[in-house]
1. I'd like the residue in the range 605-633 that is among the polar types (S, T, N, Q) and part of a loop (DSSP other than H, G, I, E, B) and, out of all such residues, is most open to solvent (accessible area, probe 1.4 Å).
2. Find all pairs meeting these conditions: Cβ atoms under 6 angstrom apart; at least six residues apart or on different chains; first residue within the range 251-273 and open to solvent by 70 Å² or more (accessible area, probe 1.4 Å); second residue outside any loop (DSSP other than H, G, I, E, B).
3. Restricting attention to the range 186-193, does a residue exist that is open to solvent by 30 Å² or more (accessible area, probe 1.4 Å), touching a residue at least 40 places away in the same chain (Cβ under 8 Å) and touching an Asp or Glu at 6+ places or on another chain (Cβ under 8 Å)?
4. So, restricting to helices (runs of 4 or more DSSP H) that lie completely within the range 363-437, which ones have at least 1 residues that are in contact (Cβ under 8 Å) with a residue 60 or more places away in the chain and closer than 21 Å to Thr561 by Cα?
5. Sort out which residues of the range 135-174 are closer than 17 Å to Ala504 by Cβ and of a type in the set (Phe, Trp, Tyr), and write them in order of number.
6. Based on this model, can you work out whether Asp348 counts as more than 16 Å from Asn516 (Cα to Cα), in contact with a Ser or Thr (Cβ under 9 Å, 6 or more places away or on another chain) and open to solvent by 50 Å² or more (accessible area, probe 1.4 Å)?
7. Given the options Glu503, Glu473, Glu462, Glu447, name the one that is among the charged types (D, E, K, R) and open to solvent by less than 60 Å² (accessible area, probe 1.4 Å).
Amino acid sequence: MALDIARLNPEQQDAVRTLKGPVLILAGAGTGKTTVITYRFMNLLEKGVHARNILAVTFTNKAAKEMKERIKSQLKGVKNRDLTVSTFHAFCCRVIRENAEHLGFQKNFGITDPRDTIDIIKEIVDNRHLKNSSLTVKDFIAHISNAKNALKTPDVYLNSERQDQQVIGQVYSDYQAKLFTMNMVDFDDLLMKSVQLFEGVPSVLEHYKRRFKYIMVDEYQDTNHCQAALLKLLSMPENNICVVGDDDQSIYGWRGADVENILNFPNIFPGTKVVKLERNYRSTAKILEAANGVISKNRHRHGKALRPANDDGKKVIYFEASDNEEEARVVAKMLRHYHGSHNVAYADMAVLYRSNHLSRAFEIELKKNRIPHRIIGSKAFYERREIKDAIAYLRIMVNQKDDLALLRVINVPTRGVGQTTIENVFAFAKENKMSLFQAFQHPTFQETMSKKARNAVTKFFEVYQQFHDKFKEDIELSQKIHDYLLEIGYLTGLKRIYPNHEEAVGRQENVMEFINAAASFEDQFDDHSLQDYMEANSLLDDMDNSSSDDDEEENGVNLMTVHASKGLEFPVVILVGLEQKLFPHERSIQDRDVDEERRLFYVAVTRAKHHLFITRSKLRAKFNMRERTIPSQFVLEIPEDVIEEKRLGELFRAASKNEVEDQLAQLKAMLQRKQSGK
């Protein structure tokens, strides 16, 4: 089948036709990069390059599968076995399996899952008597993963002058030795050991260079140091490597991605041809002007600006709510408005937020209004593990006979109350016809526990009793809940429960939002005891269970973080919580580095096709008070001529007026066409 390159725009054609040497395709949001990658692959085949000699790598199995299916649909004769279109990890796994003996492994090596890694590191920490170290098991795992992504071996840490680095090196070294004796590798090893193999055995590297004469890489802005090194080894000296990406959409620095890889690509590969795909087929002109205006404030970037293929469209609407409850109410009303007045399906709309904890108010308001919705990339707020934990801590405060709640939290975070203790307390409670709460504190049972378990249980119930009395005092409920969860070790313990800092912070933010919900509850109701609050939460659960069926959720409004929205597009996007310390996040402001946050905002804006609605709250609940906020700097960076602030009273009236104007414009155009026809 002949390749119809003429249907592409000039820049896309240039990218498809340039086959030799290093090529950097800067593909802005909505510029048709998947089409370009597929056409370029097929053009190589048309020019006589065998499919076996092309390596195409990306980050997800979904993207690899889509690319492979597109190629096969266009070229029926291409066989699966000749196509190497895969993720980085799948490609590296294949390389190591084919050359396992060079690394001392057997070909049937296994790949650990996260649970295996935790168990191995835990055993090493125990053997080295590091339980009292400032570093947790999850900390060691994170440090080792980061080390491998940076191609650092245990020796780098063992030779450090810092004691904490030496300890990491010891655990790292023991971990690698344990994996080796088990004939296993972890996911980070797949990448790192491939690089070590290529550097250590030149004949193996030469074999793959002869095999893969052309390399194509998607989402290059998301590569880490190890992946970039791997690609450099494979492509030199011919350097027939084409990478596609957008430095303005590099938003995974917290996950190890290094934006410098795409920024410095022309320096790493001299003679690089840079092709900029700037014609956007997704969004209206005004939405693109908003995106361009903000991202241009990042100085360290490849210069480019998205150009619209569509019409001007509506201005970006900006609304400042009095508080976060009003913000949620207005968003729900706006969703109904677009659905009813503009005939937009709920599934074609998205509510985006910087952090997961912001979803709570919107979930509740959408449920109240019977607006179908679904949470993408996360669970519903009250289904999240940390929220269920926090609720369980409060359930036992209200009802000491709640065995299920006590079992959930007695060893969360880990306190030394192991499975043996749990089994024994069950038996003791059953034999003596008492609750687990009573059994744990019974002197006879306590004598059967180990010293570590007994101390942990004693401290747990001391804190419990202290706050059981405190909850009767006339102090703000939200403050009491915060102090209780802090004192009993749950809020600080989240850092020990979750594997990386970013996740732990996100879980903490969710729990803090749960506490803020208690503050909102206090404002709304005269009776606001802990029992009243727990009852209200139970009713929320009931409303959640009966709100919609699976089909309604599938066709509902999409609620998600901006990170989860990457790669998606919607006719209507509502971007909420645009306040300093929320978006951009407080940590980036403290570090004086908001570039990645600005890229994240750029990603959010460019998800919108026709309508973009931005909101913030002037006051946001924080414990028993409302904190005054200031607008996000990103809102202020949007060019004035493409954004329009509206007050609550004119918000929907203005929308109706615009609809009438649109209808008049369409009628006028129709009359002009008829006259010209005569």
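1. Asn624
2. Trp254/Glu502; Lys273/Val23
3. No - not one qualifying residue is present in the range 186-193.
4. Fully inside the range 363-437 and qualifying: 385-398.
5. Phe140
6. Against the criterion (more than 16 Å from Asn516 (Cα to Cα), in contact with a Ser or Thr (Cβ under 9 Å, 6 or more places away or on another chain) and open to solvent by 50 Å² or more (accessible area, probe 1.4 Å)), Asp348 does not qualify.
7. Glu503 is the lone residue from the list that is among the charged types (D, E, K, R) and open to solvent by less than 60 Å² (accessible area, probe 1.4 Å).
Conditions (1) open to solvent by 30 Å² or more (accessible area, probe 1.4 Å); (2) touching a Phe, Trp or Tyr at 6+ places or on another chain (Cβ under 9 Å), marked per residue:
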{"position": "Ser378", "(1), (2)": "yes, no"}
{"position": "Phe381", "(1), (2)": "no, yes"}
{"position": "Ile387", "(1), (2)": "no, yes"}
{"position": "Leu394", "(1), (2)": "no, yes"}
{"position": "Arg408", "(1), (2)": "yes, yes"}
{"position": "Val412", "(1), (2)": "no, yes"}
{"position": "Val425", "(1), (2)": "no, yes"}
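The values are calculated or read from the model by the stated rules, or taken from the named source; none is laboratory data. Note that the structure is predicted; figures quoted are calculated from it, not measured. Counting neighbours? That spans all protein chains shown, and the Cβs are built from the backbone with ideal geometry, glycine included. To get the accessible areas, we keep the full protein, side chains included, count just its heavy atoms, and leave off ligands, DNA and RNA. Shrake-Rupley method; radii C 1.70, N 1.55, O 1.52, S 1.80 Å.
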